[in-house]
Amino acid sequence: MVKKMQVEIAKTAGFCFGVKRAVNLANKAPDKYPGLQIRTLGPIIHNPQVVNQLATLGIKQVGDINELGQGVVIIRSHGITKQLAQELEQRPNLTVIDATCPFVRRAQEIVEEMSETGYQVLILGELDHPEVAGLISYGDPQRTLVISKPADIPAEFFTKRKTSRIALLAQTTLSQQLYNKIVLSLLTIKGELRCFNTICTATSDRQSEALELAKKCDCMLIIGGRNSANTNRLHELCEERQPASYHIETAEDLQTEWIADKKTVGISAGASTPRWLIDEVLKRLQDLS
Ligand code: SF4
């Protein structure tokens, strides 16, 4: 039996600007290009429910450029590699809808510009994340490195006699604290350092608001795709403050015993979680209490 509880939803929960833009572009595509086959290259965003919903409109995903025929291809919000973008442009009978988030695009431009002007580029991020794969491709392979912690910074940066020129930027969804830590570690390098804080405020805003909620609530529910890096990070951060924090994808994942004796339940959601999924969780909580 669940007692009456108070539920608070983070104002920042759900779609960020870039994801909303990408999903809107995809939703409009069937009307804009009637009769044409529409595909996304990989999942358009890291949310299986949204990907399934688009599939019902005939917009399916392909894993490889060779699976694309004629028609329309939508590039996902966290972008693709430079080489792939060039290949797509050269394909006859293929229209490209570029849904790369403008913030990710800016980070790609920074990598390209810094690389071209001779900087060693350090990308703070997860090596296996598609956004990072895209970012690396804009740099000089000899002078572009992905790091995920201070220990990954090459020791020679601190000992080189010859002046080095280093540019740092981050995967847009990374934690601000980690970025700050890396900047501090790099302050003692021998040479010139340029830092570009490319962490999107959508991520940090969600993180600080979720942390505030986690401090005052007895239980936290974080809604979003299990394959969404920013949702997983939100969950990790909340769990540090409130051990009763649970990552769910849909209302069906919610287990009654998690909330049975709770007075206050906080809800946050990753930047790729649509509002309707949040509303379904809210409805289930209302039904249960
Ligand atoms: S989290 Fe930020 S960078 Fe990523 S898609 Fe959303 S608005 Fe763009």
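The values are calculated or read from the model by the stated rules, or taken from the named source; none is laboratory data. Keep in mind that what you see is a predicted model, and the values were worked out from it rather than measured. We place every Cβ from the backbone using ideal geometry, glycine too, and count neighbours over all the protein chains shown. Areas reflect the complete protein model, heavy atoms only, side chains present, ligands, DNA and RNA absent. Shrake-Rupley method; radii C 1.70, N 1.55, O 1.52, S 1.80 Å.
As a rough guide to protection, the peptides 261-267, 230-236, 89-95 ranked by mean Cβ packing within 10 Å, highest first, stand as 230-236, 261-267, 89-95. Carbon-plus-sulfur accessible fraction, the chain (probe radius 1.4 Å, protein heavy atoms only): 50%.
Computed over the Cα atoms of the chain, pair by distinct pair, the Kirkwood hydrodynamic radius stands at 20.5 angstrom.
A straight chain from Trp276 to Leu84 at 0.36 nm per residue would run longer than the Cα-Cα distance by 65.8 nm. Stretched out straight at 0.36 nm per residue, the stretch from Asn24 to Thr56 would grow longer than its current Cα-Cα span by 10.0 nm.
Which FRET efficiency value, to the nearest 0.05, is calculated for Leu36 and Arg106 with the Förster distance at 25 angstrom and r the Cβ-Cβ distance? It comes out at approximately 0.25.
Shown is the FRET efficiency for Lys215 and Glu236, computed with R0 = 22 Å from the Cβ-Cβ distance and rounded to the nearest 0.05: 0.90.
Label sites at Thr250 and Gln70, each approximated as a point 7 angstrom past Cα along Cα to Cβ, lie 3.7 nm apart. With semi-axes defined as the square roots of five times the eigenvalues of the C-alpha gyration tensor, the equivalent ellipsoid of segment 103-195 measures 20, 16, 11 Å, largest first.
Dividing the C-alpha radius of gyration of segment 17-101 by 2.2 N^0.38 Å, with N its residue count, gives 0.98. Taking 31 Å as the limit for the C-alpha separation, the pairs Lys181/Lys263; Lys181/Lys215; Lys28/Lys283; Lys11/Lys262; Lys149/Lys190 exceed it in the case of Lys181/Lys263. Between Phe196 and Lys263, take the C-beta separation as r, use R0 = 41 Å, and let me know the FRET efficiency to the nearest 0.05. Using R0 = 41 Å, I get an efficiency of 0.40. With protein chains left intact and a 1.4 Å probe, residues in segment 17-101 average 50 Å² of accessible area per residue. With the simple model of a label 7 Å out from the Cα in the direction of the Cβ, Arg91 to Gln142 spans 3.3 nm.
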